[in-house]
Amino acid sequence: MYTVISIFIVIYYRFSIKISFSRVEWLWILLLLLGITGIQMAYFSNYILGLIPYSIAPTFYAFFIFFLSLFAVLNQSVFERIKKYNNIKLGKEELVQYVSKIDAVMQQEKLYLDSNFTLAKLSKKVSIPLYLTSHILNEGLNLSFSDYLNSFRIDDAKKLLLSKKYEHVKISEIAYECGFNSLSTFNNHFKRSTNQTPSQYRSEHYKTD
């Protein structure tokens, strides 16, 4: 029950509140969920099902605590978000200014066309600390970095799908040209944004013409 609740909490924070976790943070969360689930299953298999000897559960527990502690020592950045976010005090006007600055750089340099573009690269481009850049997107736009990035890509894709010049260009080519590194990701984000698939969006335009 605790594991299921934990998974729902993580999903809620990721997709409803749209907090952008770093790769290390995701690994930390995954390690916690897998480790705790493994301990629960080990004890359950012994006490309830009687499938494994008792010694396996505490042995697994000991290894889990060791690797969890080792991971924490080697990746202390996991805990930096809490410390740094507690110290962030930005007013609405400051948030708007920062968002405008980030938007301007994204649009002028078309950074989103790079399929390997990251939050760290954006932070460096706009000369704003990484944790603060993430906070600005989350608080100022209520978007994760991924959703923010893909919003620009989708806007570009819409224009190309309706362009006469790209009338016979495959949708997959348009997706890659707009910065997506897979067609399935492009289709998912496009449908979420427009409630239509790219092909439906394109064909509906040409029907009305």
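The values are calculated or read from the model by the stated rules, or taken from the named source; none is laboratory data. Computed from a predicted structure; not experimentally measured. With ideal geometry, Cβ positions are generated from the backbone for all residues, glycine too; neighbour counts draw on all protein chains shown. Ligands, DNA and RNA are excluded from the accessible area calculation, which covers all protein heavy atoms including side chains. Shrake-Rupley method; radii C 1.70, N 1.55, O 1.52, S 1.80 Å.
Among the residues in the range 148-155, are any modelled with pLDDT of 90 or more and surrounded by fewer than 17 Cβ atoms within 10 Å (Cβ to Cβ)? Yes, the range 148-155 contains at least one residue that is modelled with pLDDT of 90 or more and surrounded by fewer than 17 Cβ atoms within 10 Å (Cβ to Cβ). Summed over the range 108-119, the residues that are closer than 16 Å to residue 146 by Cα, open to solvent by 60 Å² or more (accessible area, probe 1.4 Å) and not in a loop (DSSP other than H, G, I, E, B) give a count of 1. Does residue 165 fit the bill of being part of a helix (DSSP H, G or I), out of contact with any Cys (no Cβ under 6 Å at 6 or more places or on another chain), open to solvent by 50 Å² or more (accessible area, probe 1.4 Å) and more than 18 Å from residue 202 (Cβ to Cβ)? No; evaluated as a whole, the condition is false for this residue. Pairing residues of the range 128-141 that are over 14 Å from residue 118 (Cβ atoms) with residues that are of a type in the set (Lys, Arg) and modelled with pLDDT of 85 or more, at Cβ distances under 6 Å and at least 6 apart in sequence or on separate chains, gives no pairs at all. Does the range 89-102 hold any residues that are exposed (fewer than 15 other Cβ atoms within 10 Å of the Cβ) and assigned to a helix (DSSP H, G or I), and which are they? 92, 93, 94, 96, 97, 100, 101, listed by residue number.
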